[in-house]
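The structure under discussion appears below in the form of structure tokens.
The values are calculated or read from the model by the stated rules, or taken from the named source; none is laboratory data. Since we're looking at a predicted model, the values are computed, not measured. For neighbour counting, all protein chains shown are included, and Cβ atoms are generated from backbone atoms with ideal geometry for every residue, glycine included. To get the accessible areas, we keep the full protein, side chains included, count just its heavy atoms, and leave off ligands, DNA and RNA. Shrake-Rupley method; radii C 1.70, N 1.55, O 1.52, S 1.80 Å.
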Amino acid sequence: MRTPAPLLLPALAACLLLTACGSERAGTQNGGPGAAVPPGRTPVTDPGTDGVRITAVTLPTASPSPGGRGGGVHAEPLATAWPDSGVSAAYEVTNHGTEAMTYTVLFTFASDTGGAVDNKRETVRSVGAGRTVRGTVTLGALPPGAPAVTRVKVAEVTKVPADEAPSEAGTCPPSGIRVFADRGDAAMGLRVVGLHLENCGSRAYTVNGYPLLELLDDAREPVGGVKILHGGGGIATGTGADEPPRPVTLEPGEEATATLVWRNTTEFGDPVNVPHVRVRAKDGADPVTVTPHLDLGTTGKLGVGPWTQAER
């Protein structure tokens, strides 16, 4: 993954009136490099990051910050919804590979100092080989006093084969089992991420023991030199990874969880980063590739807990 320099928007953009513009959604193929830009957008030149580039931005008319009236301190009514910022960025995702891929893109909306005002994550599913999908990411509402957004960048791109991507919430794969990872927690060098196993099918599903893991690099090749431990006791206690394994039967609508735990301590040697983890709920299950970005430092260890029944 590369972290590109921010996109500096043209000075004209700060003076644009916010107007209604045509909606572009990921998955559409209309338009092209020479297509007209909808009113209210300013085209930008972006070399792109791993097939993802921003093509235009929309900024509202510059106006005083809601928190800066009259030089005094003004309490905002708690029941009042913050207005939409009107800020958005049009983007396109081009798959230069040979298989369909699902992309997850982190966009950073930044102020003129370069500081992040907010981040938005977009998932663009099943982009076919050689195809381009266009979409729009919106910033949404900002709290009073937030800095004005003057630039946007593609901060991070991860991609996995479309047939191994986690199913989105509310959909169920043919297997009847949905596997995904949460965003996790971090404290004092300790990292904890939860794996979730949801029975979205119509029959009971039983697991017994630990999820099966393959650690993969950016090219989705195996990462060596890492010992996968059953349980988290060799890394830290109290993480939830030390429950004894036992059979777990999930009725339709029920869920199980397992915990990944590691430290990103760096001492001697080269640090190890694992952007992808291929997960099988049990032997013979369909693989699902999640992207928890394991920054293992030089510890060379990853703990995994057993599947346990999640509380409803």
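Of the residues making up the range 182-197, just one is crowded, with 16+ Cβ neighbours inside 10 Å and among the small types (G, A, S), namely G194. Identify the single condition in (1) hydrophobic (A, V, I, L, M, F, W, C); (2) at pLDDT below 95; (3) closer than 14 Å to K301 by Cα; (4) within 20 Å of the chain's Cα centre (by Cα) that L215 does not satisfy, given that it satisfies every other one. Result: L215 fails condition (2) only. Looking only at the range 83-117, residues that are of a type in the set (D, E, K, R) and modelled with pLDDT under 95 come to 2 in all. Only one entry of G201, G189 meets the criterion of being on the phi > 0 side of the Ramachandran plot and either modelled with pLDDT under 95 or not hydroxyl-bearing (S, T, Y) (or both), and that entry is G189.
All but one of (1) at pLDDT below 95; (2) open to solvent by 30 Å² or more (accessible area, probe 1.4 Å); (3) aliphatic (A, V, I, L, M); (4) more than 20 Å from the chain's Cα centre (by Cα) hold for A129; state the number of the condition that does not hold. Of (1) at pLDDT below 95; (2) open to solvent by 30 Å² or more (accessible area, probe 1.4 Å); (3) aliphatic (A, V, I, L, M); (4) more than 20 Å from the chain's Cα centre (by Cα), only one is false for A129: (1). Close contacts from the range 279-299, counting a first residue that is open to solvent by 20 Å² or more (accessible area, probe 1.4 Å) and a second that is of a type in the set (G, A, S) and part of a loop (DSSP other than H, G, I, E, B), with Cβ to Cβ under 6 Å and a gap of 6+ residues or different chains, come to D286/S175; T298/G269.
Would you mind stating whether G140 is farther than 30 Å from K282 by Cα and open to solvent by less than 40 Å² (accessible area, probe 1.4 Å)? The answer is yes for G140.
Given the criteria touching a residue at least 40 places away in the same chain (Cβ under 8 Å), among the charged types (D, E, K, R) and under 19 Å from N273 (Cβ atoms), does E214 qualify? Here the answer is yes, as E214 does meet what is asked. I want to confirm something. Restricting to the range 246-278 and keeping residues that are among the acidic types (D, E) and open to solvent by 60 Å² or more (accessible area, probe 1.4 Å), which single residue is farthest from G232 (Cα to Cα)? Here the answer is E251. Inside the range 168-181, residues that are touching a Ser or Thr at 6+ places or on another chain (Cβ under 9 Å) and either within 11 Å of G253 (Cα to Cα) or open to solvent by 60 Å² or more (accessible area, probe 1.4 Å) (or both) make up a count of 3.
Can you find a residue that is closer than 21 Å to V248 by Cβ, open to solvent by 50 Å² or more (accessible area, probe 1.4 Å) and in contact (Cβ under 8 Å) with a residue 12 or more places away in the chain anywhere in the range 146-161? No, the range 146-161 contains no residue that is closer than 21 Å to V248 by Cβ, open to solvent by 50 Å² or more (accessible area, probe 1.4 Å) and in contact (Cβ under 8 Å) with a residue 12 or more places away in the chain. Pull up the range 251-300, narrow it to residues that are in a strand (DSSP E or B) and polar (S, T, N, Q), then point me to the one that is modelled with the lowest pLDDT. Top of the filtered list is N273. Please go through the range 47-82 and pick out each residue that is at pLDDT 65 or above, charged (D, E, K, R) and open to solvent by 70 Å² or more (accessible area, probe 1.4 Å). The answer is R53, and nothing else.
Return yes or no: is L195 of a type in the set (A, V, I, L, M, F, W, C) and closer than 20 Å to T298 by Cβ? Taking the combined requirement at face value, the residue does not satisfy it.
Counting only strands (runs of 3 or more DSSP E) wholly contained in the range 102-208, the ones carrying 1 or more residues that are of a type in the set (S, T, N, Q) occupy 116-127, 132-138, 151-161, 190-199, 205-208. Determine whether V117 is β-branched (V, I, T) and under 16 Å from the mean Cα position of the chain (by Cα). No; evaluated as a whole, the condition is false for this residue.
If a residue must be under 25 Å from the mean Cα position of the chain (by Cα) and over 19 Å from N273 (Cα atoms), how many such residues does the range 194-209 contain? Residues that pass the stated criteria total 5. Residues in the range 220-245 that are among the basic types (K, R) and either without any contact (Cβ under 8 Å) to a residue 24 or more places away in the chain or open to solvent by 70 Å² or more (accessible area, probe 1.4 Å) (or both): 1 in all.
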